[in-house]
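The values are calculated or read from the model by the stated rules, or taken from the named source; none is laboratory data. Everything numeric in this text was worked out from a predicted model, so none of it was measured. Note: ideal-geometry Cβ built from the backbone for every residue, glycine included; neighbour counts use all protein chains shown.
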Amino acid sequence: TTKNTHQSSKTAKLAELDKKHFLHPASNPKAVVDNGPAVIFAEGKGVTVTSTDGIEYIDGMSMLWNVNLGHGNQELAEAGNQQLSTLACTSQFKAFSNEPAILLAEKLASLAPGDLNSVFYTSGGSESNDTAIKLARFYWELKGKPAKRKFIALNNAYHGVTVAAQTATGLSAYHHFSGSNIEGVVRATAYLLDSEKGDKNAPNYESSIRATIEREGADTIAGIIIEPVQGAGGVNIPPDGYLQAVRQLCDEFNILFLADEVICGFGRTGKMFGVNNWDVVPDMMSIAKGLTSGYGQLGGVMLNDEIKQTISSFDAVVPHGFTYSGHPTACAIALKNLEIIERDQIIGNVKSMELELKKGLKYLEEKHSIVTNCRAIGLLAAFELYEDPASGKLFDPTVFPANAVVDACFERQLILRALGAHNQIIAIAPPLIINKEEINKMIQIIDEAITAFKETLN
Ligand code: PLP
């Protein structure tokens, strides 16, 4: 599709309505009112999405790291249509149930590691993390340890924007927004491998999870929440041994390990779940996003047998649940999504495309001296932009290098995302169905965008 810079009258009309009536999530409201929406999407197919002006973009982020089977998947649409026209929505409160929710729960139990054999459904990732925190506290109450209420969360973590999830989020703008935080969340520094293994002389030991447990007292701590690979915090991959060390800490101090698999789950990292990369079995697992590839709004918290059995001993109504907890249409879509992931060996494709993407990143790093810290695990990748990587010199804060390169990519019809406290990180997370030619096209566009950015610096 050739680029058409002319804005159609339909687009202009929609843009006016958008400016007037649509307060966008995670957007600059003044910029939207001044300039209108950045793009209005009209359709999607495979790894591409097309605007109302007929401009086709490569979706290098799977939108919000979630459209894992790509756009326009007719089997997912059909699974949704079929359930919608049979029985679209039911209540699951007061022990009502439905077939897709039951079958999906069984399927999830078969896929999840260890004895994570049960699920509490939600409508998305934030709700899953709020639910996990509440259920963990409830679990400890039932175990006769109501003082175990605190959660340890890491710096640079992103766990969502509902109030408990926002509190656990370690990105300062999100964490502080509206002053809406719950009590009892304690922050620790990510990836202090030696400290977590018990080396008290390791650098920054005091801010490690281990030191935090010692300081706060294990009998006050309900759980630790961790993304196996941090996403919005900058695509940060833990060192080997780190998640195992955290698992050991949790066992040693009788603390629940809550893995936030909202991005990592369902193949993104080249394994079914992020924790599978390190053979770690958490006690609870938050899932969403790739569960339906974005075709339905569905999340969940998976629970191990001990937690499920303990909660199941409670003989009264548990006052927690969402209208859409176990929504049959969303669950039917998720079932089809998981069927396709296995049938089409999507994770095998992720592994081979990871190699292509790494090759491409290496090419960019060799060609452009400002590119550094390239990393990928499955199709979860990033690179960084420094004025001088060798000396660790960042660009001047007024430059916003990642925004500049992401904008230059967008002009060239590739969607990526800028991250990082210094606006120095660019994330790449394409649909898991991407092929070699499409990866190479992305790298070619990034190459051109970096070249264009460098020219603006002169
Ligand atoms: N947890 C992680 C790791 C995420 O990346 C996200 C969203 O990006 C969330 C939780 C929140 O999910 P949602 O936006 O569906 O509420």
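Among the residues making up the range 292-311, those that are assigned to a helix (DSSP H, G or I) and either of a type in the set (S, T, N, Q) or touching a Phe, Trp or Tyr at 6+ places or on another chain (Cβ under 6 Å) (or both) are Ile307, Gln309, Thr310.
Restricting the range 115-135 to residues that are acidic (Asp, Glu) and within 12 Å of the ligand (Cβ to nearest atom), the residue that is farthest from Ala330 (Cα to Cα) is Asp130.
What's the number of the condition Gly265 fails, among (1) crowded, with 23+ Cβ neighbours inside 10 Å; (2) in contact (Cβ under 8 Å) with a residue 40 or more places away in the chain? Status for Gly265: all satisfied but (2). Taken together, the criteria place Phe138 among residues that are more than 16 Å from the ligand (Cβ to nearest atom) and either in a helix (DSSP H, G or I) or at pLDDT 95 or above (or both). The requirement of being surrounded by fewer than 18 Cβ atoms within 10 Å (Cβ to Cβ), assigned to a loop (DSSP other than H, G, I, E, B) and out of contact with any Lys or Arg (no Cβ under 8 Å at 6 or more places or on another chain) is not satisfied by Asn156.
Selection of the range 248-266 for residues being away from the ligand (no atom under 16 Å from the Cβ) and part of a loop (DSSP other than H, G, I, E, B) yields Asn254, Ile255.
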